[in-house]
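First comes the structure, then the notes that go with it.
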Amino acid sequence: MKIAVMGGTFDPIHFGHLRAAEQAREAFGADSVIFIPSALPAYKPTPEACAEDRFNMCVLATESNPHFEVSKMELERGGETFTIDTAEQLKKMYPEAEIAFIIGADSLETLHEWHRANELFEKCSFVAVSRPGFILPQNTCPPHVTIIDGAAFDISSSGIRKRICFGKSVRYLLPESVERYIEKKSLYKLNIDIILSKAKEKLSKKRFIHTLGVVEEAAKLARIFGADEQKAKTAAALHDYARRHSTDKLIALCGKYGIKTDKIMLDKPVLLHAHVSAAEATSKFNITDEEIISAIKYHTTGKSNMSLLDKIIYVADMTEKNRENYKGLDELRMLSYNDIDAATEFALKLSIEFTEIKNEPVHPLSIEALNHLKATSISEE
């Protein structure tokens, strides 16, 4: 008896997994392929969907293939998942079976580093499925590995999650039954509550209360001026995400994310947090929407030709209900509900005046933003 094993988070399972499993089954001559969703995979991010949902999606995806089955063994075992533990459990369940684990060919280079690798190689073999863009090793394949060339589709679970997050179609990337399940359970959709829970962990209590106020105000302004409310709430929730980082940390993260800095930003590092927050919105939350990223990035300085969302976040940051009173706040709030352009222009003036009073240099982006709004206002008269 031969058993092929496909492990992974399956977050979610897709046609790339299924095609690779079928071709591995044929290459290995397996009687069956067991899909084993992992509980807490070692060396990988925590799955977004819960264990039950990932298991159910695997069942739906494999039910039409009589050679496929799904096991809960790693989910029931819990804790951090290592392949050797699963191999030992399978050997106890099927002592006479020949077992092969299906892996991506890009894992070959590090296979010898896996937990208790030598013991693992004694208990099972491997079927390595090539992936697009991966160059297969020449004449260096270990004896316990069979390589299948050209088997995989260029599909990734992370790419599917990102598409669902922003309302894009995932048709033909995964089985319809799995697509319907995801829709029914509202999996992988951008959830403002999740974002805020993460922000709460990162921010001081006072800064988080401010963030909640900006979310509320940005949503209100979005409804008044016809902007996308979900985008407004998302940008507001993340606008200060990096605010608690130290100066050294902010500068280091600018280097990590390739953020261009200038003398004023380095002299006044608080300006860096907006750019780092925008970068972390992408790296930690898979947010790539240019409007959202721009609104986060420029909420402290503004910029020339600001979008509606840019203006909403800039103004909401200065007018949210928890803001301590300052000269001009009441007037700015009244303007913000009637004319977002006039409100943004007034907000920029207040910010520039406040900076000058402190004898600090005004960032050129703020000057450019104010001049652009003034020019637009004059041309419309």
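The values are calculated or read from the model by the stated rules, or taken from the named source; none is laboratory data. Since this is a predicted model, take the numbers as computed values, not measurements. Methodologically, a virtual Cβ is constructed for each residue, glycine included, from the backbone with ideal geometry; neighbour enumeration extends over all protein chains shown.
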Hits in the stretch 189-208 (condition: in a helix (DSSP H, G or I), more than 17 Å from ALA232 (Cβ to Cβ) and touching a residue at least 24 places away in the same chain (Cβ under 8 Å))
LYS198, LYS202, ARG207
Subset of the stretch 57-89 [assigned to a helix (DSSP H, G or I), among the charged types (D, E, K, R) and under 28 Å from the mean Cα position of the chain (by Cα)]
GLU74, GLU76, ARG77
Out of (1) surrounded by fewer than 19 Cβ atoms within 10 Å (Cβ to Cβ); (2) under 23 Å from the mean Cα position of the chain (by Cα), what's the single condition that is false for ILE209?
(2)
Sole miss for LEU266 among (1) among the hydrophobic types (A, V, I, L, M, F, W, C); (2) touching a helix residue (DSSP H, G or I) at 6+ places or on another chain (Cβ under 6 Å); (3) modelled with pLDDT under 95; (4) farther than 28 Å from TYR188 by Cβ is condition (2)
Taking the stretch 298-317 as the region of interest, how many residues are free of Cβ contacts under 8 Å to residues at least 40 places away in the same chain and crowded, with 24+ Cβ neighbours inside 10 Å?
2
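Here's the yes/no breakdown for (1) crowded, with 21+ Cβ neighbours inside 10 Å; (2) touching a His at 6+ places or on another chain (Cβ under 9 Å); (3) within 22 Å of ILE155 (Cα to Cα):
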residue: CYS50; (1), (2), (3): no, no, yes
residue: THR62; (1), (2), (3): yes, no, yes
residue: SER71; (1), (2), (3): no, no, no
residue: THR83; (1), (2), (3): yes, yes, no
residue: TRP114; (1), (2), (3): no, no, no
residue: ALA117; (1), (2), (3): no, no, no
Residue hits (the stretch 156-187; under 18 Å from VAL59 (Cβ atoms) and either touching a strand residue (DSSP E or B) at 6+ places or on another chain (Cβ under 6 Å) or free of Cβ contacts under 8 Å to residues at least 60 places away in the same chain (or both)) are GLU176, GLU179, ARG180, GLU183, LYS184
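The rows are residues; the columns are (1) within 24 Å of ALA21 (Cα to Cα); (2) among the aromatic types (Phe, Trp, Tyr); (3) in contact with a Pro (Cβ under 8 Å, 6 or more places away or on another chain); (4) not assigned by TED's automatic domain parsing to the domain that holds ALA105.
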site: ASP149; (1), (2), (3), (4): yes, no, no, no
site: ILE155; (1), (2), (3), (4): yes, no, no, no
site: SER158; (1), (2), (3), (4): yes, no, no, no
site: ARG161; (1), (2), (3), (4): yes, no, yes, no
site: CYS165; (1), (2), (3), (4): no, no, no, no
site: VAL170; (1), (2), (3), (4): yes, no, no, no
site: LEU174; (1), (2), (3), (4): yes, no, yes, no
site: GLU179; (1), (2), (3), (4): yes, no, no, no
In the set GLY255, GLY226, the lone residue that is over 20 Å from GLU320 (Cα atoms), in the same structural domain as LEU332 (by TED's automatic domain parsing) and not polar (S, T, N, Q) is GLY255
